[in-house]
Amino acid sequence: MSHQDTDDELVRALLPAFIDEANAQCDALEQLLLQIEDAPDDRALLDALFRCAHTIKGSGGMFGQEGIVRFTHHVETLLDRLREGHLALTPALITLLLRSNDVMRELVRLARDQQAETPETAGDRERLVAQLQQATAGGAAPVVAVAVAAPALAERPPGAVAPVGRLPRWQVAVRFGIDAFRHGIEPLNLLNYVGGLGRVSGMRCDPATVPLFDAFDPESCHLAFTFDLDTEASRDEIARAFQFALDDCELAITEAGAPPPYPVEAMPVPQAMHKPQPPRPAGPASGTVDDSGFIRVHADRLDEVINLLGELVIAGAGASMLARQTRQRSLVEANQQVTRLIEGVRNSTLKLRMVPIGETFARFRRVVRDTAAELGKEVALEIVGGDTELDKAMVDRIADPLMHLVRNAMDHGLETAAERLACGKPVQGTLTLNACHESGSILIRIVDDGRGIQRDKVLRRARERGLVEPGVVPPDEAILDLIFAPGFSTAEQVTNLSGRGVGMDVVRSNVQAMRGSVTIQSEPGQGACIEIRLPLTLAIIDGFLVGVGQSKFIFPLDAVVEVIASRDAVTTVDARGRCCVELRGQVLPVVDLRSLYALDFPPPERSSVVVVRAGARRYGVLVDTLLGQHQTVIKPLGLMLRSLRGVSGSSILGTGEVSLIFDVGSLGQLAATSRAGSGRVPAA
């Protein structure tokens, strides 16, 4: 295999790391741009923005991604002009940089998928290059539309911003240290990177630095060369191209016409050129991440560990049952110790998947900014509880429902500036994303101070669609719940944001698929609050095992409030499996699982009521036996059982039996259903 083939193979192997790093830098750059909009003179934020763009450009050059290098160079140049105080940061420039960041993100995606640019992407990039150059030169920043329809402007090729004869010419001399290869330095990639600054010509190598064949070491670097660079870039900008290799090379940059720097042994290294780095703020800028103490692990590997842990929990439950059957005290005690260790490993492993939800919330700053501009509204986004941690898989799955709810609140909920003034409200509306832990689950609230949900409008549209019979006025809670009906919309006309009747029903189904629930509260003229309640993890939970006949069921332990062991207190069960008991002077609604799921087992002489909490509501579930706490590995339901209401998943017990896991929210709604007929659910 040739040296070039080895380099290509190494680049392919390391490309995923570059993609991850570039995407992380694009995310950080976007958040910094949205943050600096409120503090345009913050030098620390400007420096952090420049470092993000410079890192993307430098990494792209190392991996031969010339398209990323060429485009990001224009972004970097504009940011450099801003941080040096030659230009003032304006909202128009922030919009331009946000659009440029979108193009950078798309170029990274194309590199990941090994695809070529489409004509649309190339045209968008070319227009943005022209706008970046115009803004860098001090011209008025152009208005950047979301959908660009203007004719494409031809981008000048790298190093040909003007005829070569009119560009300053620099002479660059580099001599690499003998350990450069061992430290991961690739001179060819550095040259590719420099090529993004202008036009390289007159390459001259110094053969005197190469030893004779007998003394030649292929793993050592003996390279020294000079070249001419025609570019608009300054001396410092050229030097920054070598900042990753300055510990392993000597560098000299002189103006054209100066005496040549060779012989290399006498190559001058100007003091100003030693390790040029942009100035750093006194403390880390908000929005940046300190990578010290962190190690990146591929998500697939972590999922594999958690799957194995789930099997370990199941096997441990089986071993515990067998140990109890032997009635050997020493064996039971040893097994209890193993169980405690498994529980500790489980808790520690699941914490590896927990990430702050604030990272997801922060993405909506851009959504709110763009949507507000599209709607002509003034909206401030507030984030509360961003440090609340949630399972990584759940964070990824909740992003789309949150996106729809945020856009829906801005379109339907918040008023225009004129409407808010007429109502005596501030011109700027407020949208709040709030997250907190509550009763062993995570509670996410999307709150706006807009017009609220117009119940009469919802009811009128529901009657038009046949969802409510004429003359019937449901309670307020039922009216608000109509919003989640499939195909329901109160929009008068179809727009880019709403009117097609697709969204809220999908939001509820997606949340319920994560064993969560969605509720709405609204006061006319005061705004609305949408609450999403989710479990902390999708993999393993603490459960409370109960039995009804020969069937086993599991409640999430954090939803269990107490247990009532009194059969005499239970009143007659109706056709829908509902009854009630008296609990400390109050009536508690109770669900009878035997009647609800048509379980053909005779009732026992003595039964119990498990009191569970679903949000602010409590109800009881009538069961035959209480089997105690149980570490529950959640398994998905099979196709035949996915339509079974009140159930969110299944689990395998130590005996090999399969038990169903209750969704306490939907089970409570099911018990409260007042439809005609028996109301029974098909038997499980």
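Considering the range 316-364 alone, what residues qualify as being in contact with a helix residue (DSSP H, G or I) (Cβ under 9 Å, 6 or more places away or on another chain) and of a type in the set (Lys, Arg)? Once the filter is applied, which keeps residues that are in contact with a helix residue (DSSP H, G or I) (Cβ under 9 Å, 6 or more places away or on another chain) and of a type in the set (Lys, Arg), the range 316-364 yields Arg324, Arg346, Arg353, Arg363.
Could you please find all residues in the range 346-378 being touching a Ser or Thr at 6+ places or on another chain (Cβ under 8 Å), assigned to a loop (DSSP other than H, G, I, E, B) and either of a type in the set (A, V, I, L, M) or over 17 Å from Ile541 (Cβ atoms) (or both)? Result: Ile357, Gly376, Lys377. Looking only at the range 96-113, decide whether some residue is outside any helix (DSSP H, G or I) and either under 26 Å from the mean Cα position of the chain (by Cα) or buried (at least 16 other Cβ atoms within 10 Å of the Cβ) (or both). The answer is no, given that none of the residues of the range 96-113 is outside any helix (DSSP H, G or I) and either under 26 Å from the mean Cα position of the chain (by Cα) or buried (at least 16 other Cβ atoms within 10 Å of the Cβ) (or both). The residues of the range 211-251 that are within 37 Å of the chain's Cα centre (by Cα) and in a helix (DSSP H, G or I), listed by number, are Asp236, Glu237, Ile238, Ala239, Arg240, Gln243, Phe244, Ala245, Leu246, Asp247.
Scanning the range 323-352 for residues that are surrounded by fewer than 12 Cβ atoms within 10 Å (Cβ to Cβ) and under 29 Å from the mean Cα position of the chain (by Cα) yields Gly344, Asn347, Ser348, Lys351. When the criteria are applied in full, Ala559 meets the requirement of being modelled with pLDDT of 80 or more and buried (at least 19 other Cβ atoms within 10 Å of the Cβ). Looking across the range 333-390, the residues that are touching a strand residue (DSSP E or B) at 6+ places or on another chain (Cβ under 6 Å) and either free of Cβ contacts under 8 Å to residues at least 12 places away in the same chain or among the acidic types (Asp, Glu) (or both) come down to Glu382, Asp387, Glu389. Taken together, the residues in the range 291-322 that are in a helix (DSSP H, G or I), surrounded by fewer than 11 Cβ atoms within 10 Å (Cβ to Cβ) and of a type in the set (S, T, N, Q) amount to 0. Counting just the residues of the range 178-225 that are in contact with a helix residue (DSSP H, G or I) (Cβ under 9 Å, 6 or more places away or on another chain) and hydroxyl-bearing (Ser, Thr, Tyr), which one comes out surrounded by the fewest Cβ atoms within 10 Å (Cβ to Cβ)? In this case the residue turns out to be Ser201. All of (1) at pLDDT below 75; (2) loosely packed, with under 15 Cβ neighbours inside 10 Å; (3) under 26 Å from Gly316 (Cβ atoms) hold for Thr673 with one exception: (3). Going residue by residue through the range 45-58, is there one that turns out to be closer than 25 Å to Arg296 by Cβ, assigned to a helix (DSSP H, G or I) and at pLDDT below 85? Yes.
Answer with yes or no whether Leu641 is at pLDDT below 80, touching a Ser or Thr at 6+ places or on another chain (Cβ under 8 Å) and surrounded by fewer than 18 Cβ atoms within 10 Å (Cβ to Cβ). Considered against the rule, which asks whether it is at pLDDT below 80, touching a Ser or Thr at 6+ places or on another chain (Cβ under 8 Å) and surrounded by fewer than 18 Cβ atoms within 10 Å (Cβ to Cβ), Leu641 comes out as yes.
Within this structure, Gly466 fails the test of being buried (at least 17 other Cβ atoms within 10 Å of the Cβ) and among the small types (Gly, Ala, Ser).
Only residues that are out of contact with any Pro (no Cβ under 7 Å at 6 or more places or on another chain), without any contact (Cβ under 8 Å) to a residue 60 or more places away in the chain and not acidic (Asp, Glu) were counted across the range 441-494, and they come to 28. Scanning the range 193-210 for residues that are assigned to a loop (DSSP other than H, G, I, E, B) and in contact (Cβ under 8 Å) with a residue 40 or more places away in the chain gives Gly196, Leu197, Asp206.
A search for C-beta distances below 6 Å between a residue of the range 9-28 that is outside the structural domain of Ser100 (by TED's automatic domain parsing) and any residue that is of a type in the set (A, V, I, L, M), counting only pairs 6+ apart in sequence or on different chains, returns nothing. One residue stands out among those in the range 173-192 that are among the β-branched types (Val, Ile, Thr) and part of a loop (DSSP other than H, G, I, E, B): the one that is modelled with the lowest pLDDT, which is Ile185. Only residues that are surrounded by 21 or more Cβ atoms within 10 Å (Cβ to Cβ) and closer than 30 Å to Val560 by Cα were counted in the range 442-461, giving 3.
Matching residues to (1) of a type in the set (A, V, I, L, M); (2) at pLDDT 85 or above; (3) not assigned by TED's automatic domain parsing to the domain that holds Gly656:
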{"site": "Phe544", "(1), (2), (3)": "no, yes, no"}
{"site": "Gln550", "(1), (2), (3)": "no, yes, no"}
{"site": "Ala565", "(1), (2), (3)": "yes, no, no"}
{"site": "Arg578", "(1), (2), (3)": "no, no, no"}
{"site": "Gln586", "(1), (2), (3)": "no, no, no"}
{"site": "Ser595", "(1), (2), (3)": "no, no, no"}
{"site": "Pro602", "(1), (2), (3)": "no, no, no"}
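Every residue, every condition in (1) assigned to a helix (DSSP H, G or I); (2) modelled with pLDDT under 90; (3) closer than 17 Å to Val447 by Cα, yes or no:
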residue: Glu333; (1), (2), (3): yes, no, no
residue: Gln337; (1), (2), (3): yes, no, no
residue: Gly344; (1), (2), (3): yes, yes, no
residue: Ala380; (1), (2), (3): no, no, yes
residue: Arg397; (1), (2), (3): yes, yes, no
residue: His404; (1), (2), (3): yes, yes, yes
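The values are calculated or read from the model by the stated rules, or taken from the named source; none is laboratory data. None of the values given here were measured: they were computed from a predicted structure. When we count neighbours, we look across all protein chains shown, and the Cβ atoms used for this are built from the backbone with ideal geometry, even at glycine.
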